[in-house]
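> I'd like to ask you about the structure that follows.
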């Protein structure tokens, strides 16, 4: 299957014969990246915010998932896991985050969406074993570099793909990916256009993969 970064927390997950999923479509006026015009059978929304819930513009959408639950759509098994935000509010459910996991023929992917705190051990166990983790690393309203590295150590995925960090196209006040790479004990990594992976190809030890950021509109 193939994972392509569309900007901010938006990815396209695709595999022949399976439903195509787009995660957290953004409002270009908020995120800064060009408007999404891609096709998606399923859209997941981790947070009710314009940086994550801008479904308008996507083509072919059959289902929008924005709540916890278990779903099987187009041969993809999807689980939404509720996460409360780090700050207590009068209406915490309104500010709820939802983490989604995807099972593509045994390849397990976790999209951590708008996660803004390190999950508890119980929450980590609810997420379960993961091959590929899509992790926000830019700080601000999301995990900062140190917290993101801690989450990686708890999840122990085979592959980590950072997201929600500052790029030339980003309009949000976020830190660059370099800070996260430093926390992971890494220097610069050459970005890839996309990640093509199958269960038999996952590395035995955790690797960080940086995907190319889209250009501005």
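> Please note which strands (runs of 3 or more DSSP E) are completely contained in the stretch 4-103 and include at least 3 residues that are out of contact with any helix residue (DSSP H, G or I) (no Cβ under 7 Å at 6 or more places or on another chain) and either in contact (Cβ under 8 Å) with a residue 60 or more places away in the chain or under 23 Å from residue 211 (Cβ atoms) (or both). Can you show your working first?
Details: elements: 10-14, 21-23, 42-44, 63-65, 69-73, 76-83.
Those strands (runs of 3 or more DSSP E) span 10-14, 21-23, 42-44.
> Which number in (1) surrounded by fewer than 21 Cβ atoms within 10 Å (Cβ to Cβ); (2) more than 14 Å from residue 6 (Cβ to Cβ); (3) touching a strand residue (DSSP E or B) at 6+ places or on another chain (Cβ under 9 Å) marks the one condition that residue 55 misses?
(2)
> Here's a follow-up. Select, from 133, 148, 126, the only residue that is touching a residue at least 12 places away in the same chain (Cβ under 8 Å), part of a helix (DSSP H, G or I) and under 13 Å from the mean Cα position of the chain (by Cα). Reasoning before the result, please.
Numbers: 133 fails: part of a helix (DSSP H, G or I); 126 fails: under 13 Å from the mean Cα position of the chain (by Cα).
When all the criteria are applied, what remains is 148.
> Out of all the residues in the stretch 24-33, is one or more exposed (fewer than 14 other Cβ atoms within 10 Å of the Cβ) and closer than 24 Å to residue 169 by Cβ? Show your work before the answer.
The initial filter retains those residues of the stretch 24-33 that are exposed (fewer than 14 other Cβ atoms within 10 Å of the Cβ), namely 29.
Restricting the remaining residues to those that are closer than 24 Å to residue 169 by Cβ gives 29.
Within the stretch 24-33, one or more residues are exposed (fewer than 14 other Cβ atoms within 10 Å of the Cβ) and closer than 24 Å to residue 169 by Cβ.
> Let me ask something additional. Please go through the stretch 155-186 and give me each residue that is within 15 Å of residue 213 (Cβ to Cβ), assigned to a helix (DSSP H, G or I) and touching a residue at least 40 places away in the same chain (Cβ under 8 Å), ordered by number. So that I can check it myself, show each step before the final result.
Our first condition is that a residue be within 15 Å of residue 213 (Cβ to Cβ); within the stretch 155-186, this holds for 161-172, 174-178, 180-181.
Cutting the leftovers down to assigned to a helix (DSSP H, G or I) gives us 177-178, 180-181.
Once the filter is applied, which keeps residues that are within 15 Å of residue 213 (Cβ to Cβ), assigned to a helix (DSSP H, G or I) and touching a residue at least 40 places away in the same chain (Cβ under 8 Å), the stretch 155-186 yields 177, 180.
> Would you check which residues across the stretch 34-48 are more than 18 Å from residue 134 (Cα to Cα) and crowded, with 23+ Cβ neighbours inside 10 Å and list them?
Filtering the stretch 34-48 down to residues more than 18 Å from residue 134 (Cα to Cα) leaves 34-41, 48.
Selection gives 36, 40.
> For the list (1) out of contact with any strand residue (DSSP E or B) (no Cβ under 8 Å at 6 or more places or on another chain); (2) under 19 Å from residue 80 (Cα atoms), I need the number of the one condition that residue 182 fails.
(2)
Throughout, read-outs are computed from the coordinates displayed, never taken from laboratory work. Quick caveat: nothing in here was measured; it's all calculated off a predicted structure. A quick note on method: Cβ atoms are made from the backbone with ideal geometry, for glycine too, and the neighbour counts reach across all protein chains shown.
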